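Undergrad: Pasting a structure here, questions to come.
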Amino acid sequence: MARHFHSQTDPRLHEDHGPLTIVAGEGATVTDDAGNRYIEGMGGLWCASLGFSDSRLAAAADRQMRKLAVYHTFNHRSNEPTVELVEQLTALAPFDHARVFLVGSGSEANDTMVKLAWYYQAARGRPEKRKIISRFGAFHGSTIMGAALSGLPHMHKSFNLPPLPVIFAARPFHYLDGLPGEAEHDYATRLAQELEALILAEGPETIAAMIAEPVMGAGGVLVPPENYFPKVQAVLRKYDILMLSDEVVCGFGRTGNWFGSQTFGMEPDMLSVAKGLSSGHLPIGGVIISDKVYQCVADEAHKVGVFGHGFTYSGHPVTAAVAAEAIRIYREIDLVSQARRLGDYLHAALADALNDHTLVGEVRGRGFIAGIQIVEDRATRRAFAPELRIGTDVERRCREHGVMIRNMGDVLAICPPYIITEREIDALVDGIRSALDGAAAGNSRVGHVA
């Protein structure tokens, strides 16, 4: 246990305190090695859409493991589950004549979108169009390119990443970044104008694409104003810049549609999927590619002789079988309606419990994803000093009340499985309220972390 180097963890703190070891999962709950049971309000890492031990997904993996446990999709090869999964994904795609490139994770999917954007521009005779616009606060993965695209400081500090053609635009965070008296509609207009100014300053002829999460997840569950993406999309079209939608968190119903881009008026040229694609049961991701991009890329690859990209586990038969079964289940339970119904219930419960809380500045979200903004002063929206680690304190208190959420500094994130019950949602919200009450009442300075 001591030799496991954990992801996104402080190694020295981990050496002192050790891990929380989860040994079992059932439905929307997990159990640790001490026998404590928790309602898992984050679906693990935004991914366990069908809970933590779906029997049909396990059976799909078992059947395929016994029939064909491993194969590849290089050099014109395929396998039955991969063919079925691609057919399912193209049927769901938000544009006609889609193609699908399968990978092993969301990071690989986002890397692939960027490489495809570069390939597309080069094939059009525009190789100078290489820059990718991302946004401050974004998270797009932990590979070198994924980290470069991520607008989170800890993803860059001390890694000495190589110089990559990535530039950053403002995040859509009206609560903290809007001007005094500025309506959300006007704020979105200003962000689009700032984006256009950035493009002109960099040179439109140097920019290949913009990548964006419909709802920014790790950056704080940031929900854009309704007119934000339509205005952004108009700017990108004006300057011949592709739109890449990172649907790793938002895909498969999370915002109340199959894809977050459909919820917010995005018109992506490509979109990445992972996490909910297999309900997190096995690692798999993919890129859904528009016909415009595919035809240009395919022509160029034919000239080259081969498309020089791919992974050993692209189209792995077992992961594809599990993902195909997950999509079948999503259709059977009418996933979109389920997400909307549960989302309405969750947001109403959060509003009722937290809107008057002294530590809560804003409760936001869309569909079945939510964020709780913790503040030291509601009137001024002032945040706690980072060294007070308010989010860490509240997250710990949540576990003491039998619920798991994710803290991102001064934001608490909620992204439950779609199979959670209303009673479990009530218990989840009650646990969060109790944790916030404890943080407020247990310290001489409200929210102070000893």
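Undergrad: With the requirement that a residue be over 20 Å from GLY251 (Cα atoms), surrounded by 15 or more Cβ atoms within 10 Å (Cβ to Cβ) and out of contact with any Asp or Glu (no Cβ under 6 Å at 6 or more places or on another chain), what does the stretch 137-163 give you?
TA: Scanning the stretch 137-163 gives ALA147, ALA148, GLY151, LEU152, MET155.
Here is a yes/no grid of residues against (1) out of contact with any Ser or Thr (no Cβ under 6 Å at 6 or more places or on another chain); (2) closer than 30 Å to LEU57 by Cβ; (3) not in a loop (DSSP other than H, G, I, E, B):
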position: PRO214; (1), (2), (3): no, yes, no
position: GLU226; (1), (2), (3): yes, no, no
position: CYS250; (1), (2), (3): yes, yes, no
position: GLY276; (1), (2), (3): no, yes, yes
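Undergrad: Could I ask something else about it? Looking at LYS292 and the list (1) over 20 Å from the mean Cα position of the chain (by Cα); (2) touching a residue at least 60 places away in the same chain (Cβ under 8 Å); (3) closer than 19 Å to ASN110 by Cα, which single condition is not satisfied?
TA: All conditions pass for LYS292, except number (2).
Undergrad: When you scan the stretch 13-20, do you find a residue that is surrounded by 16 or more Cβ atoms within 10 Å (Cβ to Cβ) and of a type outside the set (Ser, Thr, Tyr), even just one?
TA: So far as the stretch 13-20 goes, no, none of its residues is surrounded by 16 or more Cβ atoms within 10 Å (Cβ to Cβ) and of a type outside the set (Ser, Thr, Tyr).
Undergrad: If you don't mind, there's one more thing I want to ask. Taking the residues in the stretch 2-17 that are under 29 Å from SER49 (Cβ atoms) and more than 24 Å from the chain's Cα centre (by Cα) as candidates, determine which candidate is modelled with the lowest pLDDT.
TA: HIS14
Undergrad: Can you confirm whether LEU176 is surrounded by fewer than 16 Cβ atoms within 10 Å (Cβ to Cβ), assigned by TED's automatic domain parsing to the domain that holds CYS296 and under 24 Å from VAL273 (Cβ atoms)?
TA: Spelling it out, it is not the case that LEU176 is surrounded by fewer than 16 Cβ atoms within 10 Å (Cβ to Cβ), assigned by TED's automatic domain parsing to the domain that holds CYS296 and under 24 Å from VAL273 (Cβ atoms).
Undergrad: Looking for something touching a Pro at 6+ places or on another chain (Cβ under 9 Å), outside any loop (DSSP other than H, G, I, E, B) and either closer than 21 Å to VAL215 by Cβ or not acidic (Asp, Glu) (or both) - is there at least one such residue anywhere in the stretch 161-180?
TA: The answer is yes; a qualifying residue exists.
Undergrad: For the stretch 65-88, give me the residue count where each residue is within 24 Å of GLY308 (Cα to Cα), part of a helix (DSSP H, G or I) and of a type in the set (S, T, N, Q).
TA: The qualifying residues number 1.
Undergrad: List every residue pair whose Cβ atoms sit under 7 Å apart, with the two residues 6 or more apart in sequence or on different chains, where the first one lies in the stretch 199-212 and is within 20 Å of PRO172 (Cα to Cα) and assigned by TED's automatic domain parsing to the domain that holds GLU267 and the second, anywhere, is surrounded by 14 or more Cβ atoms within 10 Å (Cβ to Cβ) and acidic (Asp, Glu).
TA: These pairs meet every condition: ILE211/ASP246; ALA212/ASP246.
Yes or no, residue by residue, for (1) closer than 26 Å to GLY146 by Cβ; (2) out of contact with any Gly (no Cβ under 8 Å at 6 or more places or on another chain); (3) surrounded by fewer than 21 Cβ atoms within 10 Å (Cβ to Cβ); (4) modelled with pLDDT of 95 or more:
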position	(1), (2), (3), (4)
GLU84	no, yes, yes, yes
LEU92	yes, yes, yes, yes
GLN121	yes, yes, no, yes
ARG126	yes, yes, yes, yes
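Undergrad: If we scan the stretch 174-182, do we find a residue that is over 27 Å from GLY361 (Cα atoms) and of a type in the set (A, V, I, L, M)? It would help to see each step written out before you state the result.
TA: Step one: filter the stretch 174-182 for residues over 27 Å from GLY361 (Cα atoms), giving none.
No: the stretch 174-182 contains no residue that is over 27 Å from GLY361 (Cα atoms) and of a type in the set (A, V, I, L, M).
Undergrad: Still on this model: Taking the stretch 288-325, which residues are out of contact with any helix residue (DSSP H, G or I) (no Cβ under 7 Å at 6 or more places or on another chain) and either polar (S, T, N, Q) or part of a helix (DSSP H, G or I) (or both)?
TA: Of everything in the stretch 288-325, those that are out of contact with any helix residue (DSSP H, G or I) (no Cβ under 7 Å at 6 or more places or on another chain) and either polar (S, T, N, Q) or part of a helix (DSSP H, G or I) (or both) turn out to be SER290, ASP291, LYS292, TYR294, GLN295, ALA298, ALA301, HIS302, LYS303, VAL304, THR312, SER314.
Undergrad: Hey, could you check the stretch 252-274 for residues that are touching an Asp or Glu at 6+ places or on another chain (Cβ under 9 Å), assigned to a loop (DSSP other than H, G, I, E, B) and more than 30 Å from SER55 (Cβ to Cβ) and say which is modelled with the lowest pLDDT?
TA: So, considering only residues that are touching an Asp or Glu at 6+ places or on another chain (Cβ under 9 Å), assigned to a loop (DSSP other than H, G, I, E, B) and more than 30 Å from SER55 (Cβ to Cβ), the one modelled with the lowest pLDDT is GLY265.
Undergrad: Here's something else I'd like to know. Consider only pairs whose beta carbons are under 8 Å apart and that are at least six residues apart or on different chains; among these, list those whose first residue lies in the stretch 224-247 and is on the phi > 0 side of the Ramachandran plot and whose second residue is part of a helix (DSSP H, G or I).
TA: Note: pairs meeting the criteria are ASP240/PRO204.
The values are calculated or read from the model by the stated rules, or taken from the named source; none is laboratory data. Worth saying up front: this structure is predicted, and the values here are computed from it rather than measured. Cβ atoms come from the backbone with ideal geometry, glycine included; neighbour counts cover every protein chain shown.
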